[in-house]
Amino acid sequence: MNLRPLPPDLQANPRLDRWVGIGSGGTVDVFIGKVELGQGIATALTQIAADELDVPFTAVRLTMGNTDICPDQGVTAGSWSIEYGGMALRAACAEVRRLFVREAALRLGVEEDAVKVEDGKFYAMPGAPVLSYADLAAAVDLTCAPSGNAVPKDWRSRKLCGMKVPRTDYRGKLCGAAYLHDMELPGMLHARVVRPPSYSAQLIRFDADAVRAMPGVECVVVDGRFIGICARPEEDAIAAAIAAHGIGTWEESADLPEETEGQTWMSSLQNETSVVDESSAAISDNVRG
Amino acid sequence: MRQPIRLSVNGAECGVAGEPATPLLYVLRNDLQLKGTRFGCGNGACGSCTVHVDRRAVQSCNAPLRSVEGHAVTTIEGLGRPEAPHPVQQAFIDEQAAQRAYCITGIMMSIAALLGRTPAPTDAELLEALNRHLCRCGAHLRILRAARRAATLMGAKR
């Protein structure tokens with residue numbers, strides 16, 4: 001038996017019912033500690049889970065980012081939702097599927113290897129008795145840790161991953177559904193950052209109280225050359241930020257090169273060279289030359 | 001000075017308290033909770049906040065409240081609903097013409113306005129209408145396909 005290292009997100013959330021819940025009515029709940037911001041991960045993660053559990057795409061009910069019930073997977077950023085989150089979900093689903101296959105084998109009186117799973121149904125041979133996830137759910141305990149030896153399916157036997165599946169979030173988004181950052185919390189303020197007028201401009205003088213006295217302003221933060229303004233409503237934060245920029249006295253210095261010097265200036269900076277690919281060395285020499 | 005202002009949004013009359021110079025965008029999103037009008041740049045550079053004012057596409061971040069008093073404002077929520085999308089929305093769903101989709105509601109408002117006055121636009125006319133919109137995900141070709149499909153869908157309805 002080969003013990004495979006579990007994906008980090010599964011190691012950090014090592015209980016299968018944190019990831020998957022199979023209801024006695026046959027519902028397939030999948031929980032994920034990432035949120036759909038328009039990257040399409042709700043669709044992609046559903047593809048991954050449905051493939052690994054061998055249930056129809058439409059059978060999966062995905063719950064995202066609910067910190068009470070979803071695994072803690074840190075931030076939703078970069079490409080981690082699929083690379084880490086997706087691989088953890090795939091491994092968790094492989095574990096769940098394996099536990100259900102084990103239970104099905106007992107009931108069908110066959111070896112685990114002989115159990116086939118298709119469309120959420122477990123059977124030993126065509127025409128033989130068929131069991132569903134719902135039939136087995138009461139007997140399978142998912143409050144356990146992953147075993148580490150449930151091997152995800154071979155990529156060739158996946159039916160949904162790699163296929164074009166219509167995005168599950170488009171109908172809502174294209175009809176005006178809110179994004180996560182549209183969420184409004186009680187007492188929430190709106191903020192704006194005041195940008196320095198140039199790259200290394202320093203803030204010499206700033207009358208924060210003058211900004212604090214502006215309509216709607218609740219709080220002004222000054223830290224070095226950083227100015228942040230919180231206000232309500234949002235338009236008052238914007239107006240105060242514009243005013244604050246003018247109120248500040250900035251000292252600017254010409255520390256960026258002329259546009260025409262861009263190429264030479266870049267390579268004159270402190271740099272670190274590393275070889276990415278030996279075969280392309282000749283090409284990069286040409287480019288440099 | 002904040003003052004009561006009467007607006008007509010998606011066919012409903014509503015009263016808000018605002019400064020006449022406040023851009024319509026913030027009132028739609030924060031006072032009326034119509035989040036489908038997206039805040040992209042707030043500077044008239046991206047087109048995400050496009051709505052209709054009397055069926056014309058207008059960037060709501062550049063439309064002071066006083067300029068829309070007495071005019072009919074339509075937002076994406078007034079264009080169609082998930083269970084009954086407008087043909088333009090249906091075309092974008094059919095073509096999966098988005099990635100993040102944040103810019104698309106504004107884009108669809110511009111296309112709907114164009115198709116309202118020019119039912120069978122040329123590609124040049126489509127590009128002209130889309131010229132005020134930025135899509136940084138690069139869904140441009142799908143957006144064009146969806147716009148053409150929308151014209152066909154709306155033509156078939158007439």
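The values are calculated or read from the model by the stated rules, or taken from the named source; none is laboratory data. Quick caveat: nothing in here was measured; it's all calculated off a predicted structure. Note: ideal-geometry Cβ built from the backbone for every residue, glycine included; neighbour counts use all protein chains shown. Please note that ligands, DNA and RNA were not included when accessible areas were found on the heavy atoms of the full protein model with its side chains. Shrake-Rupley method; radii C 1.70, N 1.55, O 1.52, S 1.80 Å.
Structural remarks
- Per residue, segment A:1-104 exposes 42 Å² of accessible surface when a 1.4 Å probe is rolled over the protein heavy atoms with every protein chain present.
- GNM top mover of A:VAL30, A:VAL55, A:VAL275 - chain A, alpha-carbon springs below 10 Å: A:VAL275
- Pairwise burial B:A, computed as accessible area of each alone minus the pair, summed, 1.4 Å, Å²: 2200
- If the segment from A:SER198 to A:VAL165 were pulled out straight at 0.36 nm per residue, it would be longer than the present Cα-Cα gap by 7.3 nm.
- Across chain A, the convex hull enclosing all Cα atoms gives 238 Å³ per residue.
- In terms of its C-alpha gyration tensor, segment A:1-137 has a prolate overall shape, because the principal axis ratio a/c (a ≥ b ≥ c, square roots of the eigenvalues) is not below 1.5 and a/b outweighs b/c.
- Local electrostatic count at A:ALA42 - Lys and Arg +1, Asp and Glu -1, tallied over other residues with Cβ under 13 Å: +4
- Relative protection proxy for A:85-93, A:120-128, from highest mean packing down: A:85-93, A:120-128 (other beta-carbon atoms within 10 angstrom).
- Exposure of A:GLU251 as accessible area (Å², to 10), given a probe of 1.4 Å and all protein chains: 110
- Our helix-only sum for chain B, with -39,500 (n - 2.57) per DSSP H run of n ≥ 4 divided by its residues, gives a mean residue ellipticity at 222 nm of -10000 deg cm²/dmol.
- Potential lengthening between A:SER253 and A:GLU118 on full extension [0.36 nm per residue; Cα-Cα distance subtracted]: 41.8 nm
- Counting Cβ atoms of other protein chains within 10 Å of each residue's Cβ and taking the mean over peptide B:93-105 gives 5.
- Segment B:2-80-segment A:94-134 distance, computed between alpha-carbon centres (Å): 57
- Residues of segment A:151-194 buried by at least 40 Å² of accessible area upon assembly of all protein chains, compared with the chain on its own (1.4 Å probe): A:TYR170, A:ARG171, A:LEU174, A:CYS175, A:GLY176, A:TYR179, A:ASP182, A:GLU184.
- Among A:SER253, A:SER200, A:SER267, residue whose mean-square fluctuation peaks in a GNM of chain A (springs only between Cα atoms under 10 Å): A:SER267
- The listed residues B:CYS41, B:CYS61 rank as B:CYS41, B:CYS61 when sorted by accessible area, largest first, using a 1.4 Å probe.
- Net charge of neighbours whose Cβ lies under 13 Å from the Cβ of A:ALA77, counting Lys and Arg as +1 and Asp and Glu as -1: 0
- In segment A:221-274, chymotrypsin sites (Phe, Trp or Tyr not before Pro) in a DSSP loop with at most 13 other beta-carbon atoms within 10 Å: none
- Nearest-20 debye value, chain A charge dipole, Cβ charges on Lys, Arg, Asp, Glu: 1140
- Set of lysines near A:LYS121 by C-alpha distance (under 26 Å), chain-local residues within fewer than 8 positions excluded: A:LYS153, A:LYS159, A:LYS164
- In this rough spin-label picture, where each label sits 7 Å from Cα along the Cβ direction, the B:ALA21-A:PHE226 distance is 3.0 nm.
- Accessible solvent surface per residue of segment A:173-289, calculated while the other protein chains remain in place, 1.4 angstrom probe, Å²: 70
- Annotation for segment A:194-212 versus segment A:19-35: alpha-carbon center distance of 50 Å.
- In chain A, the portion of solvent-accessible area held by carbon and sulfur atoms comes to 54 percent [1.4 Å probe, whole percent, DNA, RNA and ligands not counted].
- Dipole magnitude of segment B:73-157 about its Cα centre (Cβ charges: Lys, Arg +1; Asp, Glu -1), debye to nearest 20: 100
- Debye, to nearest 20: dipole size of segment B:1-148, +1 on Lys, Arg Cβ, -1 on Asp, Glu Cβ: 260
- Highest-MSF residue in chain A out of A:VAL60, A:VAL35, A:VAL217 [GNM, Cα springs under 10 Å]: A:VAL217
- Of the residues B:LEU114, A:ALA237, A:TYR199, the one whose Cα sits farthest toward the positive end of the charge dipole of the protein assembly as shown, with +1 on the Cβ of Lys and Arg and -1 on the Cβ of Asp and Glu, is B:LEU114.
- The angle between the Cα long axis of helix A:41-53 and the main principal axis of chain A comes to about 20°, on a 0 to 90 degree scale.
- Of the trypsin sites (Lys or Arg not before Pro) in segment B:26-70, those whose Cβ has at most 14 other Cβ within 10 Å and which sit in DSSP loop: B:ARG55
- Helix A:234-247 axis versus longest C-alpha principal axis of chain A: approximately 40°, rounded to the nearest ten.
- Accessible carbon and sulfur surface of segment B:1-107 relative to its total accessible area, %, 1.4 Å: 48
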